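The numbers here are math on the coordinates, done by the rules we state, and not lab data. Please read all numbers here as calculations on a predicted model, not as lab measurements. So basically every Cβ, Gly included, is an ideal-geometry build from the backbone, and we count neighbours across all protein chains shown.
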Number of protein chains: 2
Amino acid sequence: MSATASPSAAIIATYRFPRGIDAARQAEIIAIGQTLGSADAQFAGREQALAACRGRVLEVRDGEDGAQAQVAFPVENTEGDIGTLLTMVFGKYSLAGPARLIDLVLPPDFGTRPRFGIKGLRARLRVPARPLLMAIFKPALGLTAADHATLLRSVADTELDLIKDDEILGNLAQAPTLERLRACRPVIEAIRDRRGRDFLYAVNVTGRADVLLERARTLVAHGANALLLNVLVYGYSMLEALAADPEIDVPIIAHPALAGALALAPDHGIDYQLVLGRLMRRAGADVVLHPARFGSLPFTAADEARIIGALRDADGAWPAVFPGPSAGIKPAIVPALLADYGRDLVINAGSAIFDAGRPPGVAVGAFLEAMAIRP
Amino acid sequence: MSATASPSAAIIATYRFPRGIDAARQAEIIAIGQTLGSADAQFAGREQALAACRGRVLEVRDGEDGAQAQVAFPVENTEGDIGTLLTMVFGKYSLAGPARLIDLVLPPDFGTRPRFGIKGLRARLRVPARPLLMAIFKPALGLTAADHATLLRSVADTELDLIKDDEILGNLAQAPTLERLRACRPVIEAIRDRRGRDFLYAVNVTGRADVLLERARTLVAHGANALLLNVLVYGYSMLEALAADPEIDVPIIAHPALAGALALAPDHGIDYQLVLGRLMRRAGADVVLHPARFGSLPFTAADEARIIGALRDADGAWPAVFPGPSAGIKPAIVPALLADYGRDLVINAGSAIFDAGRPPGVAVGAFLEAMAIRP
């Protein structure tokens, strides 16, 4: 590796190619095509400037499920954000045939830091050790703002830590976002006053990019103490903007909507551990929701473990952030989750709290009990 | 269909499922799961409010490459934008197993209108009938701002209509975006003055969402007369914001970077005709770049035709926008493109102009000649 692509300043991307693809050739196409674009004869005499931008193939090897290639890119080709990163490592090349981006090694300071992470969120909620518990308002649509407050009151006597909107609930006429917040705030404050620690409501923030940014600021100005963002719908660049905005000093919960369109195909797209793991963490999410293998969405133990690993494991000095196993989570599967992944989790349940055939407060109690059972 | 989902107010999504999947069951899961989320027993007495939000399965049928299902969604579940649309029709469901979103029928006024479209851009450039010709600065990286001006001067004597940055060139130290614009502006003005019609430079606009929006406004304030956006990287919501911003009154060129990660897998993700076609048009793009089947990226004639159709064909009263066949485009393939698709195209060439072993001005002449040959 040259001085311009030293281990500390390089971005190393790993690609997997299905059998039958000449991985060595594709890796060279990526190294040049995703940096210089073209080896330009006209620019003789500029070799040094061009060499400093060029990608380098580090390794090509055969694996069980196809060949893998590692390509190093100078970090100077990016703006230190996920947008220019993704454009460089997989932008145009994503159109070039079957290939999957499966890993990324980033310089230690690359990205937008999460404002809270696991440490900050635990301190804020005064929950030092057990998993956090998050509820989801259900049904997702069809409720008024007052209905949201009613649902919230049904769990107000519990030790629930957070609640969130369903991700499909935008700023709709029936229950505009700001009205939902306004209706719920007195309940949130009553919960806080009763138990002496915060309760967070992650309001779903949506809209055209300019509208979304302004709406997020307005919601926080009106007392929103957490935000939910469909990151794959609105872009990592929007998550970065929210995480960096001095007016938006609240935890950000990343929802995985649309992640499957990028990550679920076996030989194409981008691995879940990046889409819902490393990229979310480096873009500033404090909690990342993701399917769990015992939930209602088919999900492999390997994907689950890699996402959770990417969110929490050593990644330079970058703050670890909360994985949030979601979708069909019931009290009965909590012990298995804790046995595998410990207690730095946000357990996220919707129907199992608000559509469980028993009072929501009782359902919350069942989750907290399940957490207390040492696996 | 009920009154709440009449043909004019419904969004109709078509999904394709691989053989072996129970499409009828999946369609029901989508109709409920992507709207109410849960059929909530608690909300007895609210049947009417819930029914108004619910999706409806319209049709399930077997096709050659798997079963297809159509589901109708009330437009009132969305904010009339692509963000809430995608979250509703494919957000969480994208994680649920092999399924591909292959078509969307949208209400006639759904979306953010392109400011120019084909008509507006032809009027602006005073090119009433022939295809437009766009060049791409090459090499993509490693040039200074002054180098960009030098490259631009090499084609200043031609009838080239537009030039654009490479999509991987962000706001980098070696050639900051605003400096590239400043260096090129005198050349752009000289071209305009010489020939009495505009020449457009689509500057690549990048960054964290708040930075990108501000940068776009600054660039336009400093004379940028077109913008390039990596829409799949920064989100349709960002394209919508640029297209709707009163300060950003310039054509917007949509680049397809990352589109393959969403669209290339056969049984997953979202069809190219949506990703690069209908959704781009309904989000406000004036020109949409896409691979062409005779170019350097493997691309099927069917995908090419469907993208071009979605951008130009009848879609309510929505403005038709320019398809921009790209990647490895050479003069020799222009007649075939024109024979298949007529003249409402932006022919987009990088290496074939700036790395063609002949002076760039001569290469531009070869493209314009190839356009004049009646196919």
Task: Karplus-derived HN-Hα couplings along region B:85-93 (A = 6.51, B = -1.76, C = 1.60, θ = phi - 60°), whole Hz, x at Gly and Pro - done: 4, 5, 4, 6, 7, 8, x, 5, 4
Open item on the list: Roughly how far apart, in whole Å, are the Cα centres of region B:291-322 and region A:56-72?
Closed with: 34
Task: For chain A, the spread of Cα positions along each principal axis, largest first, Å - done: 72, 42, 35
TODO: May I ask for the Rg/Rh ratio of region B:61-147, computed from Cα atoms with Rh as the Kirkwood radius, given to two decimals?
DONE: 1.15
Open item on the list: Let me check against my output: what whole-number percent is the relative contact order of chain A, with C-alpha pairs under 8 Å and at least 6 apart?
Closed with: 17
- [ ] Work out, in µm²/s and without decimals, the Stokes-Einstein translational diffusion coefficient of region A:239-304 at 4 °C, 1.567 mPa s, Rh from Kirkwood over C-alpha pairs.
- [x] 101
Open item on the list: On a straight-distance basis, which lysines could pair with residue B:92 in a cross-link, Cα separation under 16 angstrom, same-chain partners fewer than 8 positions away excluded?
Closed with: A:138, A:164
Open item on the list: Viscosity 1.002 mPa s, temperature 20 °C: give me the Stokes-Einstein translational D for the protein assembly as shown in µm²/s, with Rh taken as the Kirkwood radius over C-alpha pairs.
Closed with: 81
Task: Percent of beta bridges antiparallel (DSSP, the protein assembly as shown, rounded to nearest 5) - done: 45
TODO: Working from the alpha-carbon coordinates of region A:187-237, get Rg over Rh, Rh being the Kirkwood radius.
DONE: 1.09
Task: In nm, spacing of pseudo-spin labels at residue A:9 and residue A:25 (7 Å Cα→C-beta vector) - done: 3.4
- [ ] Sticking with the crude label model, points 7 Å out along Cα→Cβ, report the distance from residue B:157 to residue A:59 in nm, one decimal please.
- [x] 5.3
Task: Longest to shortest principal axis, alpha-carbon extents of region A:150-291, angstrom - done: 51, 31, 30
Task: All-pairs alpha carbon distance profile, region A:3-105, 10 Å steps from 0, percent - done: 15, 49, 30, 6, 0
- [ ] Find the relative contact order for region B:3-105 and round it to a whole percent, using C-alpha pairs within less than 8 Å whose residues are 6+ positions apart.
- [x] 44
Open item on the list: Rg and Dmax in Å for region B:229-375, alpha carbons only: what are they?
Closed with: 15.5, 46
Open item on the list: Filter chain A for me: DSSP H helices, axial length by Cα at least 20 angstrom, mean Kyte-Doolittle hydropathy not below -1.0. List them by residue number.
Closed with: A:177-195
TODO: Using a Gaussian network model of chain A whose springs link C-alpha atoms within less than 10 Å, name the residue from A:191, A:29, A:248 with the highest mean-square fluctuation.
DONE: A:29
- [ ] Name the residue, out of A:34, A:70, A:174, whose mean-square fluctuation peaks in a Gaussian network model built on chain A with Cα pairs under 10 Å.
- [x] A:174
Task: Residues whose placed amide H lies under 5 Å from that of residue A:58, excluding near-sequence neighbours - done: A:70, A:71, A:72
- [ ] State, to one decimal in nm², a quarter of the convex hull surface area for the C-alpha atoms of region A:290-375, i.e. the direction-averaged projected area.
- [x] 5.7
TODO: Under 15 Å from a label point 7 Å along Cα→Cβ of residue B:336: give me every residue in region B:270-305 with its amide N that close.
DONE: B:291-305
